[in-house]
Each structure stands twice: as C-alpha cells, then as structure tokens.
Amino acid sequence: MDEALLRALTPTVIGILVRRGADFAAAEDAVQDALVEAVRVWPDDPPRDPKAWLVTVAWRKFLDAARSDTSRQHREVRVDDEPVPGPSVAVDDTLQLYFLCAHPSLTPASAVALTLRAVGGLTTKQIAQAYLVPEATMAQRISRAKRTVSGVRFNQPGDVATVLRVLYLVFNEGYSGDVDLAGEAIRLTRQLAAKTNHEEVAGLLALMLLHHARRPARTRPDGRLVPLAEQDRSLWNTRLIAEGVDVLQAALTRDRLGEFQAQAAIAALHADARTAEETDWVQIVEWYDELVRLTDSPVARLNRAVAVGEADGPRAGLAALAGLDPALPRHTAVAAYLHERDGDPVTAARLYAEAARSAPNLPERDHLTRQAARLNAQLRS
Amino acid sequence: MAKYLLLKHYRGAPASVNDVPMEQWTPDEVSAHVQYMRDFAARLEGTGEFVDSQALSPEGTFVRYDGEGRPPVTDGPFAETKDLIAGWMVIDVETHERALELAGELSAAPGAGGKPIHEWLEVRPFYGVPSTITE
C-alpha cells in the first residue's frame, strides 16, 4: 500500500469536504476514518483512483456521522455509492490547512498533533506512538485542538512564521519512535515551500536538509551521540547537502534574511568542511552575529560563544560566555569544553560532571559523563 | 511537552496533614478517595496530558547478583522500609509549572472526614529526546 500517497492526499481530501459544506472538525474526522479504512482495505484491494476512493469514503463517513448526530434511525447508509468527483479547487486548501493547524491560539503540542494529522495524514495511533503517549490521550489532544480552532474561518490567511515554528518543532524532536518525524517534517516543509514563495520557508527547508544529511553520522549503532567534530563525514548524505545548499542560496539572493536562513547558512558552512579542522569558524561567527541580531536569543549567544572559541581561541570563547546566564541549558557543557581547550582539565572535568547531572536527555548525559570520566582518567595517570 | 512522574510515597516524605491511616477511614471515604483518583486520571486524558497510572503492591523483595553461576541473593520483604513507593502517575505537560499544579491537585485527594489528605508527591522530570539541531 502506498502510504506516502495516502498521506499526500489527506489535506486535499479535507479541503474537498470543506468545500462541499462540511465544517473543518467534521471533515477532518471523516478523512481520518477514511485513512484508517484505507490502511485496512488497500493492501488487498488497491483502488484504481486513490483520491476518488478517499473522497467517496470520507464523504460517506461524514454523512454517517452527520446522520447519526441528527437521528439514530437514519444510520443505514448505502455502501455502494458511486465516487463523486471533487469540485475544482481555486484557493489552495492545503495552505489554508497549514495556517489553521498552526493557529496562534493553539499550544505548541496541539498545533504539532493537529498538523501531523490533518496536513500530514498520520493516524492518531502513529502520532501517539511518536510522542510516547496513549492513543486516547492523543485523540483528546487533537479533538481539543480542533475545538480551539472551530471558530476560525477556513479561508483566513495566516502567519507563515507560526507554521514554521510548528514544523521546526516536529523536525527537532524527530528521532523517537517508529514514525520518522524528521522525514515527515521535511516532507511537509517541502510541500509548503512548493506552495509559497517565502524565503524563510526555503531557509527552514535548507536547515532541515542540511541537518538530516548528517543523520547517519550523528549516532553510533548503540545510540551513542557523536559530536560534530568527531563525525565520520563520509557518512554525510551529499545529495541532501547539495539540495540544502541550492535551496539556501536561492533564498539568500532575495536579500530578506531571517533566522532560519542564518541557521541554515551555519549548517552549510559545517557541511562544506571536509574535515573538522577545515571549518570556516570566522564566517560561522559572522552568521551567529546575524542570528543574534535577528533573534536576540540566548541560545544563539551560547552557540556563538562556542564558535568564537574555535575562531579566536578558548579564552575569547570564555569571555563571550561570561556575559550569559549560567542557567541556560548546556551553558555548563560549553564552559567545560572551553576550559578543556584552554588547558584546564581539572575545571573541565568538574564542569562536565556537573553538566551531566543537568543534561536534558539520556544520550547527552552519557556523553557528558564519558567526557568527565575521560578527563579524570587522564588526571589520575 | 515534557513528561513527569508524580511519585507517591507511603513513607519517606514528611507526614501529611490529614494523616489518618486509610483503614481507619469510613468505607465511603475510601470510595471517595478512589473515585477522586479515577476522575483525576479521566480529566487528564481529556486534556491530553495523561500517560500512565499504576499502583504498587506493598510487597517487595530485594535481589542482588551473587557471582557467576550462583543464584541471585534475595532479601526481604522487610517489615519497615524507609521509603515505600505506593504508585505513580505519568503526565505529559507543556510546562514544569503545570506539572506542579497537577501534583498539587492530586495531593488534595480526600481522606478521613472527606478532607484533603495533603499527601506529599514527588515530581520527577523524564529525560527528553535529543534535539536534531544542535548548533
């Protein structure tokens, strides 16, 4: 069964139902039911026209639900309805769906769940598995999200920045569970880029492609994290890098810089270095300056301190770090790294151990513990 | 979202305010307590924040490896353990503040006299997933 096709058709089919008069919440439910049925039926009985099949089944599900809402006695529905051709679509329904599912009234987690279901065509079960919660909990999260946006008109233009934040979230937490969320985020961003002419959409797509390219080198088979400087660069996906660089360059020529383009430019400079030593840290610092100017983000400043440490030496890096809030996530880990580079393994070992205790996830904790252990072993011998 | 464990200890924490042992409550008070827990879990499922809830039997045996080819050493159950874990609830919430708020509500489950027991709950964050974009 072509699950990719099924997912790609989902927003279109929702759009067709809405145009026929279903409200968004009911249309989305009906299409979800149709998807679940497709997953069940298609392997043995593939449809000749998958889109027409989905429209027919989803419309029937919608009528079913509408009838059972109004009268329990009218539940019997003919199952041999002919496929009804969808009307021609003037406005881009898929684009409207992106805006609706990322509506600012939604919490980030709700927007993520709704986007994955209504735009991405994932089933509630798949989304629940990806985020390691029970299916019932995810179903409720989605139906609450739909209630939240129920008053929003389907044809209202939205802010592309909110959509980008949602897609960024999906990508950035993308390596857990059976569902490849990073791959899904790239697909959805690619689809969005094809429908809009927005340089930051291109910037985010480039950023995702460039980071995804490193995926095979990021972790060892046992799950251990491999830091950028130690990655086997021959494992990087050159096709994705080339595509990411092309997308980024086209965006940059428009001369409307944004945070995702700046982040992608940094990723591109890393991708461009054949070895860690060849990295153009001076240019990377310049891009971090741009990023700090654009976002004023403390995380960008922290990463800038690392880059300054590479470009101008660890003392300069420590000086850049000095002005930042020590409570920032990974601040201690960065300080440990810079102190080691500065020839102070005692301080570095202590800071690595401290950073391990406040690490946000297990692979990072283990990595930082190993760094501390390595330095302590050196200090003993 | 971030996952938190709300851990319920029978001992180990300071005594709670309404510290009458459960077996001295009236049957209705016991039922009301159980119902409160059930309603709380159902409500969290409704808000999309519920992950898991389990209660543990007070029995427990300590087990230790005792060397190659030897059966493991066992000890206990002990009459008095310092810190007995009674059960837990796992929640998936937007913020740390929300986790504390929910733990506070769970701690208000009714006990003797139908009054909140004010029991102590330990709130522990789960480790998250490594982020993809690191620089």
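The values are calculated or read from the model by the stated rules, or taken from the named source; none is laboratory data. This is a predicted model, so every value here is computed, not measured. Counting neighbours? That spans all protein chains shown, and the Cβs are built from the backbone with ideal geometry, glycine included. Keep in mind that these areas ignore ligands, DNA and RNA; they rest on the heavy atoms of the full protein, side chains included. Shrake-Rupley method; radii C 1.70, N 1.55, O 1.52, S 1.80 Å.
State all residues of segment A:346-369 that are over 29 Å from the mean Cα position of the chain (by Cα) and surrounded by fewer than 17 Cβ atoms within 10 Å (Cβ to Cβ); if no residue qualifies, say none.
Across segment A:346-369, the qualifying residues are A:VAL346, A:THR347, A:GLU354.
For segment A:165-185, does any single residue satisfy the condition of being at pLDDT 95 or above and either touching a Gly at 6+ places or on another chain (Cβ under 8 Å) or more than 30 Å from A:ALA213 (Cβ to Cβ) (or both)?
So far as segment A:165-185 goes, yes, one or more of its residues are at pLDDT 95 or above and either touching a Gly at 6+ places or on another chain (Cβ under 8 Å) or more than 30 Å from A:ALA213 (Cβ to Cβ) (or both).
Run down B:PHE50, B:PHE62 and say which single residue is surrounded by 15 or more Cβ atoms within 10 Å (Cβ to Cβ) and aromatic (Phe, Trp, Tyr). Can you show your working first?
Working: B:PHE62 fails: surrounded by 15 or more Cβ atoms within 10 Å (Cβ to Cβ).
Matching residue, one of B:PHE50, B:PHE62: B:PHE50.
Can you name the strands (runs of 3 or more DSSP E) wholly within segment B:1-97 that have at least 3 residues being at pLDDT below 90?
Numbers: elements: B:2-9, B:50-55, B:62-64, B:73-75, B:85-93.
Here the list reads B:85-93.
Considering segment B:105-135 alone, what residues qualify as being open to solvent by less than 30 Å² (accessible area, probe 1.4 Å), closer than 30 Å to A:GLY183 by Cβ and not β-branched (Val, Ile, Thr)?
The answer is B:SER131, and nothing else.
I need the full set of residues from segment A:118-141 which are away from chain B (no Cβ under 13 Å), of a type outside the set (S, T, N, Q) and open to solvent by 10 Å² or more (accessible area, probe 1.4 Å), in order please.
A:LYS125
Report yes if A:ALA22 is buried (at least 17 other Cβ atoms within 10 Å of the Cβ) and not in a helix (DSSP H, G or I), otherwise no.
Here the answer is yes, as A:ALA22 does meet what is asked.
Restricting the search to segment A:152-175, which residues are over 20 Å from B:LYS3 (Cβ atoms), in contact with a Ser or Thr (Cβ under 9 Å, 6 or more places away or on another chain) and not in a helix (DSSP H, G or I)?
The one that is over 20 Å from B:LYS3 (Cβ atoms), in contact with a Ser or Thr (Cβ under 9 Å, 6 or more places away or on another chain) and not in a helix (DSSP H, G or I): A:VAL152.
Can you list residue pairs whose Cβ atoms sit under 6 Å apart, with the first residue in segment A:36-62 being farther than 25 Å from A:GLU135 by Cβ and free of Cβ contacts under 8 Å to residues at least 60 places away in the same chain and the second being of a type in the set (A, V, I, L, M) and open to solvent by less than 40 Å² (accessible area, probe 1.4 Å)? Count only pairs 6 or more apart in sequence or on different chains.
A:LYS51/A:LEU9; A:VAL55/A:VAL13; A:VAL55/A:ILE16
Do we have A:LEU205 as in contact with a helix residue (DSSP H, G or I) (Cβ under 8 Å, 6 or more places away or on another chain), assigned to a helix (DSSP H, G or I), within 13 Å of chain B (Cβ to nearest Cβ) and in contact (Cβ under 8 Å) with a residue 24 or more places away in the chain here? Full working, then the answer.
Numbers: in contact with a helix residue (DSSP H, G or I) (Cβ under 8 Å, 6 or more places away or on another chain): yes; assigned to a helix (DSSP H, G or I): yes; within 13 Å of chain B (Cβ to nearest Cβ): no; in contact (Cβ under 8 Å) with a residue 24 or more places away in the chain: yes.
Answer is no for this residue.
Would it be correct to say that A:ASP296 is open to solvent by less than 50 Å² (accessible area, probe 1.4 Å) and out of contact with any Leu (no Cβ under 6 Å at 6 or more places or on another chain)?
Details: open to solvent by less than 50 Å² (accessible area, probe 1.4 Å): no; out of contact with any Leu (no Cβ under 6 Å at 6 or more places or on another chain): yes.
No, not satisfied.
Taking the condition of being away from every other protein chain (no Cβ under 14 Å) and surrounded by fewer than 17 Cβ atoms within 10 Å (Cβ to Cβ), how many residues in segment A:142-151 meet it? Can you show your working first?
If we filter segment A:142-151 for residues that are away from every other protein chain (no Cβ under 14 Å), which is where we start, we get A:149-151.
Narrowing further to those that are surrounded by fewer than 17 Cβ atoms within 10 Å (Cβ to Cβ): A:150-151.
So the answer is 2.
Can you tell me which residue among A:LEU328, A:LEU294 is hydrophobic (A, V, I, L, M, F, W, C), closer than 30 Å to A:ARG165 by Cα and assigned to a loop (DSSP other than H, G, I, E, B)? Give the steps one after another, and end with the answer.
On the way: A:LEU294 fails: assigned to a loop (DSSP other than H, G, I, E, B).
Result: A:LEU328 is the single residue among A:LEU328, A:LEU294 that is hydrophobic (A, V, I, L, M, F, W, C), closer than 30 Å to A:ARG165 by Cα and assigned to a loop (DSSP other than H, G, I, E, B).
When residues of segment A:88-105 are filtered for being touching a Ser or Thr at 6+ places or on another chain (Cβ under 6 Å) and buried (at least 21 other Cβ atoms within 10 Å of the Cβ), how many remain?
Step one: filter segment A:88-105 for residues touching a Ser or Thr at 6+ places or on another chain (Cβ under 6 Å), giving A:101-102, A:104-105.
The next check asks that each one be buried (at least 21 other Cβ atoms within 10 Å of the Cβ); those that pass are A:101-102.
Qualifying residue count, segment A:88-105: 2.
Could you please find all residues in segment A:232-286 being surrounded by fewer than 17 Cβ atoms within 10 Å (Cβ to Cβ), of a type in the set (A, V, I, L, M) and part of a helix (DSSP H, G or I)?
Result: A:LEU235, A:ALA242, A:ALA250, A:ALA276, A:VAL282.
B:ALA103 versus (1) away from chain A (no Cβ under 12 Å); (2) modelled with pLDDT under 95: which is the lone unmet condition?
(2)
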